[in-house]
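Report on one structure; see the data block that follows.
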Amino acid sequence: MTIIDGKLISQQIKDELKEKTALLKEKGVEVTLAVILVGEDPASQVYVRNKKKACEYIGYRSLSYELPATTSQEELLKLIDELNNRKDVDGILVQMPVPEHINEKAVIDAIDPAKDVDGFHPMNVGALCIGEKGFVSCTPAGVIQLLKRGLPSDYSISGKECVIVGRSNIVGKPMSLLMLRENATVTVAHSRTKNLEEVCKRADILIAAVGRAGMITADHVKEGAVVIDVGINRNADGKLCGDVLYDEVKDKAFAITPVPGGVGPMTIAMLMNNCYEAALMHNADLLK
Ligand code: GUN
């Protein structure tokens with residue numbers, strides 16, 4: 001059984017970006033990410049801090065906007081508009097969730113799709129859907145990298161039965177489109193799926209993205225399957241755990257991602273990759 005090491009693979013990706021970023025700098029291009037946090041949600045503060053730290057590590061410039069929870073939607077949209085118009089800003093990220101009085105969709109729609117490094121804008125989601133270029137949501141993009149870099153080099157996604165449990169806009173749905181792009185046969189299961197165990201047992205690649213601790217048991221897993229756990233939950237003891245009951249599933253799986261240290265670290269690595277791609281796109285003339 002292989003434990004797919006997301007910490008290691010995310011580090012490799014960040015180191016590759018660090019090298020490429022130094023080369024860009026020599027050509028006069030500095031990659032810049034603007035990070036906006038509204039309010040003081042402690043989990044969001046940690047995420048934002050980690051994103052800024054990753055920028056610093058790779059050599060990006062990060063602009064930080066930490067706004068009070070009382071910020072109006074109008075004020076936030078005005079800031080986004082300013083950042084959309086700034087030539088020196090490549091990526092714009094508004095940390096979710098935003099306070100209740102702000103409409104999340106209005107915020108996502110306001111970001112210039114060419115700076116939407118989260119890949120949440122309908123234009124980018126649509127581009128993914130029809131196989132055009134665009135920014136891809138970071139967590140599902142990270143799962144693809146785990147499969148490509150974390151498994152033996154002769155492992156191929158093409159033709160595999162892939163079952164995704166969960167249909168969220170930021171993980172389940174884009175994940176299904178990415179796996180389809182890799183030529184997997186894709187099933188998306190969800191809370192209304194009948195006979196979930198049976199459906200999951202068909203999977204050569206099982207991707208759990210529901211957000212319920214330990215809901216995928218050994219009875220959901222075919223012998224020799226690859227199991228990817230996107231869940232980040234806390235169990236009754238307050239310990240971080242995934243959607244997969246790791247201890248009983250690992251003995252059946254061909255490969256599995258741990259929580260923490262699996263999918264989690266990949267999200268930021270892929271965000272950093274999107275920022276790099278944004279800077280290449282924005283400086284295409286200069287880099288010709
Ligand atoms: N909140 C939780 N995950 C994410 C993410 O990937 N991007 C943003 N902007 N907010 C989040």
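Tabulated values for the structure
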| quantity | calculated |
| --- | --- |
| Neighbours by Cβ (under 6 Å, 6+ apart or cross-chain): first from the range 46-58, within 24 Å of residue 29 (Cβ to Cβ); second open to solvent by less than 90 Å² (accessible area, probe 1.4 Å) and away from the ligand (no atom under 13 Å from the Cβ) | 52/62; 55/62; 58/14; 58/17; 58/18; 58/21 |
| Some residue of the range 67-76 being within 15 Å of the ligand (Cβ to nearest atom), in a helix (DSSP H, G or I) and crowded, with 18+ Cβ neighbours inside 10 Å | yes |
| Members of the range 114-139 found to be within 13 Å of residue 273 (Cβ to Cβ) and of a type outside the set (A, V, I, L, M), listed by number | 118, 119, 135, 137, 138, 139 |
| Looking only at the range 88-103, and only at residues there that are open to solvent by 50 Å² or more (accessible area, probe 1.4 Å) and either under 13 Å from residue 37 (Cα atoms) or touching a residue at least 24 places away in the same chain (Cβ under 8 Å) (or both), the one that is nearest to the ligand (Cβ to nearest atom) | 97 |
| Residue list for the range 138-153, filter: buried (at least 19 other Cβ atoms within 10 Å of the Cβ) and touching a strand residue (DSSP E or B) at 6+ places or on another chain (Cβ under 8 Å) | 143, 146, 147, 150 |
| Residue selected from the range 192-208 under the condition assigned to a loop (DSSP other than H, G, I, E, B) and over 21 Å from residue 139 (Cα atoms), by the criterion least open to solvent (accessible area, probe 1.4 Å) | 193 |
| From 224, 238, 211, 262, residue being assigned to a loop (DSSP other than H, G, I, E, B) and open to solvent by less than 20 Å² (accessible area, probe 1.4 Å) | 262 |
| Meets criteria (open to solvent by 80 Å² or more (accessible area, probe 1.4 Å) and outside any loop (DSSP other than H, G, I, E, B)) for residue 82 | yes |
| Count of residues meeting criterion [in a helix (DSSP H, G or I) and more than 24 Å from residue 62 (Cβ to Cβ)] in the range 265-288 | 1 |
| Selection status of residue 31, in contact with a Phe, Trp or Tyr (Cβ under 8 Å, 6 or more places away or on another chain), more than 14 Å from the ligand (Cβ to nearest atom) and over 30 Å from residue 234 (Cα atoms) | yes |
| Residue ID - farthest from the chain's Cα centre (by Cα), chosen from residues in the range 25-66 that are more than 25 Å from residue 98 (Cα to Cα) and open to solvent by less than 10 Å² (accessible area, probe 1.4 Å) | 29 |
| Only listed residue being part of a loop (DSSP other than H, G, I, E, B) and of a type in the set (Val, Ile, Thr), chosen from 170, 164 | 170 |
| Checklist (1) within 16 Å of the ligand (Cβ to nearest atom); (2) open to solvent by 50 Å² or more (accessible area, probe 1.4 Å) applied to residue 156, failing item | (1) |
| Members of the range 168-191 that are open to solvent by less than 50 Å² (accessible area, probe 1.4 Å) and touching a Lys or Arg at 6+ places or on another chain (Cβ under 9 Å) | 176, 179, 182, 184, 187, 189 |
| Residues being more than 15 Å from the ligand (Cβ to nearest atom) and at positive phi - total across the range 107-133 | 1 |
| Where residue 277 falls short, out of the listed (1) open to solvent by less than 60 Å² (accessible area, probe 1.4 Å); (2) of a type outside the set (Val, Ile, Thr); (3) in contact (Cβ under 8 Å) with a residue 12 or more places away in the chain | (1) |
| Conditions (1) out of contact with any Gly (no Cβ under 9 Å at 6 or more places or on another chain); (2) among the β-branched types (Val, Ile, Thr); (3) crowded, with 22+ Cβ neighbours inside 10 Å: number failed by residue 165 | (1) |
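The values are calculated or read from the model by the stated rules, or taken from the named source; none is laboratory data. Just so it is clear, the structure is predicted and the values come from calculations on it, not from any experiment. Virtual Cβ from ideal backbone geometry, glycine too; neighbours counted across all protein chains shown. We work out accessible area using only protein heavy atoms, side chains counted, and drop any ligands, DNA or RNA first. Shrake-Rupley method; radii C 1.70, N 1.55, O 1.52, S 1.80 Å.
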